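Chemist: Questions regarding the structure given below will be posed in turn.
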């Protein structure tokens with residue numbers, strides 16, 4: 001295992017003010033108040049300097065996934081392995097590494113076209129995390145070593161993309177979900193931390209470049225309070241409260257301004273001994289709940 005966690009996301013947005021307000025006022029994240037010469041805005045949830053970088057642009061989409069390595073040696077070995085397998089890596093310039101508050105990074109595209117940034121040496125921020133809506137803390141590990149949560153990304157080239165993440169980056173498959181409507185598959189993968197999955201691949205395209213992003217809090221009350229905030233603010237709730245089969249997460253889903261879906265949950269499964277874990281195959285995504293309602297789809301006659 002080499003990838004330690006999913007560290008951050010870079011998101012392009014046509015309305016960074018609206019997305020920042022959603023992140024702080026609905027999700028309960030903290031404005032990191034970082035200076036950036038390119039005008040990006042940053043959302044923080046723990047001791048990491050930020051977890052979401054919001055960059056102004058002409059689209060609303062995921063730009064890149066930041067995957068964290070615990071050491072320079074692991075990072076370099078993985079970069080060498082990728083280069084040896086024929087993948088073209090772009091070393092990050094020092095100025096760009098400083099923007100990300102990392103010691104070094106390199107970027108490349110996976111076989112489905114998703115941009116991945118591999119990094120090590122995150123420069124932590126030890127100022128207290130203060131949620132503007134009173135979230136006590138997000139579940140990210142003692143120093144953020146579980147990552148910010150998880151992301152599900154489109155991977156139409158599912159076989160090659162799964163092999164890229166498992167054979168070359170060292171992630172491991174923990175569950176495969178087969179869906180009937182539409183006929184599709186989701187491959188869930190864990191990193192070198194106890195979170196049941198940190199990244200998942202959906203074998204269909206998606207216009208936003210990400211199917212959903214998950215953040216986790218410590219209590220059901222905090223989930224319910226976030227659901228109330230989302231409804232009061234008029235953001236579409238696209239999945240009611242429910243509990244997943246594979247990772248036990250109790251959550252709801254809401255659309256952020258621009259159309260990226262966020263899952264807000266608690267009670268996710270933590271696996272302390274991956275050596276004794278048996279990967280599963282599922283045909284149902286939910287134990288209960290999660291009634292889906294997509295704007296413009298469910299309301300059609």
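Chemist: How many of the residues in region 71-84 are out of contact with any helix residue (DSSP H, G or I) (no Cβ under 7 Å at 6 or more places or on another chain) and crowded, with 17+ Cβ neighbours inside 10 Å?
Modeler: 4
Chemist: Need pairs with beta-carbon distance below 8 Å; first residue within 14 Å of residue 255 (Cβ to Cβ) and within region 285-299, second assigned to a loop (DSSP other than H, G, I, E, B) and modelled with pLDDT under 95; sequence gap 6+ or separate chains.
Modeler: 292/298
Chemist: Within region 110-139, can you find the residues that are under 15 Å from the mean Cα position of the chain (by Cα), part of a loop (DSSP other than H, G, I, E, B) and closer than 14 Å to residue 46 by Cα?
Modeler: From region 110-139, those under 15 Å from the mean Cα position of the chain (by Cα) are 114-118, 138-139; that's our starting set.
Now restrict to residues that are part of a loop (DSSP other than H, G, I, E, B): 114, 139.
The one that is under 15 Å from the mean Cα position of the chain (by Cα), part of a loop (DSSP other than H, G, I, E, B) and closer than 14 Å to residue 46 by Cα: 139.
Chemist: Residue 153 versus (1) in a loop (DSSP other than H, G, I, E, B); (2) within 22 Å of residue 115 (Cβ to Cβ): which is the lone unmet condition?
Modeler: Among (1) in a loop (DSSP other than H, G, I, E, B); (2) within 22 Å of residue 115 (Cβ to Cβ), residue 153 violates only (1).
Chemist: Has region 243-266 got any residue that is free of Cβ contacts under 8 Å to residues at least 60 places away in the same chain, over 18 Å from the mean Cα position of the chain (by Cα) and over 30 Å from residue 2 (Cβ atoms)?
Modeler: Yes, that holds for at least one residue.
Chemist: Quickly run through region 177-191 and pick out the residues that are touching a strand residue (DSSP E or B) at 6+ places or on another chain (Cβ under 9 Å) and surrounded by fewer than 20 Cβ atoms within 10 Å (Cβ to Cβ).
Modeler: 178, 179, 184, 185 - these are the residues of region 177-191 that are touching a strand residue (DSSP E or B) at 6+ places or on another chain (Cβ under 9 Å) and surrounded by fewer than 20 Cβ atoms within 10 Å (Cβ to Cβ).
Chemist: I need a count of the residues in region 157-169 that are closer than 24 Å to residue 248 by Cα and either surrounded by fewer than 20 Cβ atoms within 10 Å (Cβ to Cβ) or without any contact (Cβ under 8 Å) to a residue 24 or more places away in the chain (or both).
Modeler: Step one: filter region 157-169 for residues closer than 24 Å to residue 248 by Cα, giving 162, 165-166.
Cutting the leftovers down to either surrounded by fewer than 20 Cβ atoms within 10 Å (Cβ to Cβ) or without any contact (Cβ under 8 Å) to a residue 24 or more places away in the chain (or both) gives us 166.
Result for region 157-169: 1.
Chemist: Looking at (1) farther than 29 Å from residue 116 by Cβ; (2) out of contact with any helix residue (DSSP H, G or I) (no Cβ under 6 Å at 6 or more places or on another chain), find the lone condition where residue 230 falls short.
Modeler: (2)
Residue-wise test of (1) without any contact (Cβ under 8 Å) to a residue 12 or more places away in the chain; (2) surrounded by 17 or more Cβ atoms within 10 Å (Cβ to Cβ); (3) within 17 Å of residue 163 (Cβ to Cβ).
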| residue | (1), (2), (3) |
| --- | --- |
| 86 | yes, no, yes |
| 91 | no, no, no |
| 95 | yes, no, no |
| 98 | yes, no, no |
| 105 | no, yes, no |
| 128 | yes, no, no |
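Chemist: Collect the residues in region 2-18 that are touching a helix residue (DSSP H, G or I) at 6+ places or on another chain (Cβ under 8 Å) and outside any strand (DSSP E or B), keeping them in residue-number order.
Modeler: 2
Chemist: Further question on the same structure: Within region 187-301, which strands (runs of 3 or more DSSP E) (wholly inside it) include 3 or more residues that are at pLDDT 95 or above?
Modeler: 199-202, 212-216, 237-244, 250-255, 261-266, 286-289
Chemist: So which residues in region 140-156 are surrounded by 12 or more Cβ atoms within 10 Å (Cβ to Cβ) and either more than 20 Å from the chain's Cα centre (by Cα) or more than 21 Å from residue 210 (Cα to Cα) (or both), if there are any at all?
Modeler: Within region 140-156, 141, 143, 144, 145 meet the criteria.
Chemist: With respect to residue 147, is the statement that it is more than 30 Å from residue 207 (Cβ to Cβ) and touching a residue at least 24 places away in the same chain (Cβ under 8 Å) true?
Modeler: On the way: more than 30 Å from residue 207 (Cβ to Cβ): no; touching a residue at least 24 places away in the same chain (Cβ under 8 Å): yes.
For residue 147, the condition - more than 30 Å from residue 207 (Cβ to Cβ) and touching a residue at least 24 places away in the same chain (Cβ under 8 Å) - is not met.
Chemist: Still on this structure, I have one more. So the check is Cβ under 8 Å with 6+ separation or different chains; which pairs have a first residue in region 216-242 that's in contact (Cβ under 8 Å) with a residue 12 or more places away in the chain and a second one that's in a helix (DSSP H, G or I) and surrounded by fewer than 19 Cβ atoms within 10 Å (Cβ to Cβ)?
Modeler: If the second residue must be in a helix (DSSP H, G or I) and surrounded by fewer than 19 Cβ atoms within 10 Å (Cβ to Cβ), the pairs left are 229/25; 233/25; 237/227; 237/231; 241/224; 241/227.
The values are calculated or read from the model by the stated rules, or taken from the named source; none is laboratory data. What you are looking at is a predicted structure, and each value in this text was computed from that prediction instead of being measured. Ideal geometry is used to build each Cβ from the backbone, glycine not excepted, and the neighbour counts take in all protein chains shown.
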